[in-house]
Amino acid sequence: MSAWQMTAVREMRKTRRIPPGLIWVAPALLVLATLSIYPLLYLIKVSLTDIHGFTIAHYARLFHDRSFGVAVGQTLLYASVALTLEFLLGLALALLVDSLARGRALIRVGILAPMLLPPVVAAVIWRLIYNPEFGVLNGMLRQLGFNTANLTWTSGRLTAMLSVILVDVWEWTPFFFLLLGAGLQAIPAEPIEAARVDGAGYWRTLMDVIMPLLKPTILLALLLRSMDLLRIFDQIFILTQGGPGSATETISLYIYRTAFRFSNFGYAAAMSFIALMITMLAARGLMRVMKLR
Amino acid sequence: MAGRRPAPLLLSILLLAGCSRDAADKSLTIAVNAGVEGSTLKAAAHEWGELRSTRVDVVELPYANLFEKESLDLQSRTGAYDVIMLDDPWFPKLVAEGGLTQLPREPDGDFLASCLAVCRHPFGSKTFYALPYVGNSQLFFYRKDLFEKYKLGAPDRWENVLRAARTIGEREKIYGYVMRAAPGNPAVADFMPLLWAFGGDIFDARGQPNVASTEAIEALRFMIELGKSAPPGYAGFNADEVSAHLLQGTAAMSINWPAWIAAMDDPSKSKVPDKIEFAPMPSARAPGVAELGAWLLAVPVASSHRDAAFDFIYWATDARQMMQAAERGNPPTRRSVFQSPDLVKKFRAFPAQLAALEAARPRPRTPQWNEIENAFGVSLSQANSGAISPEVAMQQANREIADILDRNK
């Protein structure tokens, strides 16, 4: 074999050893490893450690920690109710605005406004609105002749969860409106026109033509939002601090307290890992349901 | 051109001299609470910096974040702060973890004993790890004009308070009483004076949880009874809501903290200026006792400017500086400042504040207090919102406090 042939073979081997695509994705992999994989492995390590060394005590405690069970139940309730309401309202608004002939841009800006506020600011505004004595909401209801004496919103045992969900719906329905609106605009006009020519009414066209074509956008919106809802912290922290009692306590709030108020990082890490598993399972379940339909 | 070179050269040398190690070392970083207490310390810190030609960086953090930042800094020994301002219930945890430096010399005898007590570690020993800067203890706020109008006895006993709350509520169509019962610190802070006055306590003499005692359950029943004269939804109230009701004139009485005194007398903030009187805690079976909430100054072990840090905390807490801090609105921790005729003339609540502070009790000195307070506060809040009965609430709290102690043995 001549020298140049040997060089060519060596070059080919080198190229075979390092796939060319790897070089291009290496920076992204490095960022992922540094910012996601290493922290996750570190979290697992902390969750399996206490001052004496390796332990599974933190995970064992999860099984008989009533407060954690309550927080998980309430987080799931919060996420499922808020997600359903936000999706239905967002879809209805997107369909309505999409059907308008004029003024779409102006209405879109108006509807998107709540989403542009930082969640903390939105929560502070709603805390003032919900104030039973001095708040706008009860003030308006009183003007309309309602008796608001016992309508305490965020402080009421039965109304606290509803109040925090409503704030989320107010702030994040525009997210569904934005994504589903964009999805509706991307649907080609031909299938809809064909359905109408075939005699399908609005409802039939919506269910059999528009919705199947909108499914990928719906799945994306539901996935992104459900992951956000399962991590809810800021609004509840400002509005109720998890109260009254533990009526609005969520997983993130409980993890925050355990880590930063009680300095129990091992147990907080174990809860965080379980919360991550719950989020992944919920996302997987959602994808499966959407694929089946 | 050559003749103009020495000027930039000289400037560079001067700049380098300015950035020398010696000058860089003359700095102090102080973590303070973002509020009236913190802004007073901030002003003092800048004054001290000018006097000692030292650069002072003040990091202001909201109450909820201050503890976590300080705790993380002390645990990881980063030395980010040279001086920390801390609420006294945090002290047992921070000092037990070995994060604070022992004071080089004992504080003088002018400090109030109740304020000095929370700076010792172990509690009751002669070793000090902090100096008391703000003499906070609860006071009883009440509408003196309405008490006089209906010829109600002084609110020196809790049964008088309940009677007055009902009378004022019925006749004035305002809330007779207002309190904080949001879970965690708010509910516990407003319950402790009742618990102590009814003869109960968080722990018994053997250090075991004791909140399921008859006295404690009776105190909670009384709190719920008082709650019937309070605005609906008080189970979610914090200091803001309580003070808003007093300032708007929609409630007649509450337990509150000295930081709100100035607002009560300020016509731009209050609809009832000069009508609110301040008194020590009412009694019941036992004498009335307020909860102490002093702000302390301490030096973290990891500080690289310890000498300057100690110099600052002794300077900031000496009588002259504390006079200035009092003028700026901070309740002092020194008897001589409380008794200064000029200040008494200016701050009418000073005698009541001194009496309350002298009798005030600290929260239990355990490193697990944050966790205990949270569990206890959730039960109190649940009982006040009507979710569970006082008996169930106290048994639940007792169990949870026992679990916390067991876990941390």
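State whether one or more residues within segment B:364-372 are out of contact with any strand residue (DSSP E or B) (no Cβ under 8 Å at 6 or more places or on another chain) and away from every other protein chain (no Cβ under 14 Å).
Scanning segment B:364-372, I find at least one residue that is out of contact with any strand residue (DSSP E or B) (no Cβ under 8 Å at 6 or more places or on another chain) and away from every other protein chain (no Cβ under 14 Å), so the answer is yes.
So how many residues does segment A:240-266 have that are within 13 Å of chain B (Cβ to nearest Cβ), in contact (Cβ under 8 Å) with a residue 40 or more places away in the chain, part of a helix (DSSP H, G or I) and under 15 Å from A:THR75 (Cβ atoms)?
Number of matching residues: 2.
Would you pick out the residues in segment A:122-159 that are at the interface with chain B (Cβ under 7 Å from one of its Cβ atoms), surrounded by 13 or more Cβ atoms within 10 Å (Cβ to Cβ) and in contact with a Pro (Cβ under 7 Å, 6 or more places away or on another chain)?
Within segment A:122-159, A:PRO132, A:GLU133, A:THR152, A:SER155, A:ARG157 meet the criteria.
Tell me, which helices (runs of 4 or more DSSP H) wholly within segment B:230-333 include 2 or more residues that are surrounded by fewer than 23 Cβ atoms within 10 Å (Cβ to Cβ) and in the same structural domain as B:LEU131 (by TED's automatic domain parsing)?
B:306-316, B:319-327
Is it fair to say B:TYR150 is within 14 Å of chain A (Cβ to nearest Cβ) and over 24 Å from the mean Cα position of the chain (by Cα)?
No: the conditions fail for B:TYR150.
Being under 21 Å from the mean Cα position of the chain (by Cα) and hydrophobic (A, V, I, L, M, F, W, C) is true for just one of B:ALA359, B:ALA286. Which residue is that?
Checking each option against the conditions leaves just B:ALA359.
Looking at B:ARG348, B:ARG334, which is the one that is modelled with pLDDT under 95 and either on the phi < 0 side of the Ramachandran plot or within 14 Å of another protein chain (Cβ to nearest Cβ) (or both)?
B:ARG348 is the lone residue from the list that is modelled with pLDDT under 95 and either on the phi < 0 side of the Ramachandran plot or within 14 Å of another protein chain (Cβ to nearest Cβ) (or both).
What are the pairs, 6+ residues apart or on separate chains, where a residue within segment B:215-244 that is away from chain A (no Cβ under 12 Å) has its Cβ under 6 Å from a residue that is of a type in the set (Asp, Glu)?
B:ILE217/B:GLU391
Is it true that some residue in segment B:383-395 is within 12 Å of chain A (Cβ to nearest Cβ) and in contact with a Leu (Cβ under 7 Å, 6 or more places away or on another chain)?
Yes, segment B:383-395 has at least one match.
Among the residues of segment B:176-206, count how many are over 20 Å from B:ALA360 (Cβ atoms), touching a residue at least 24 places away in the same chain (Cβ under 8 Å) and surrounded by fewer than 24 Cβ atoms within 10 Å (Cβ to Cβ).
So the count comes out to 1.
Pick out, from segment B:70-187, the helices (runs of 4 or more DSSP H) lying fully within it that include 2 or more residues that are assigned by TED's automatic domain parsing to the domain that holds B:MET264.
Answer list for segment B:70-187: B:144-149, B:158-172.
The values are calculated or read from the model by the stated rules, or taken from the named source; none is laboratory data. Because the structure is predicted, anything quoted here is derived from the model rather than measured. No Cβ is skipped: glycine too gets one built from the backbone with ideal geometry, and neighbour counts run over all protein chains shown.
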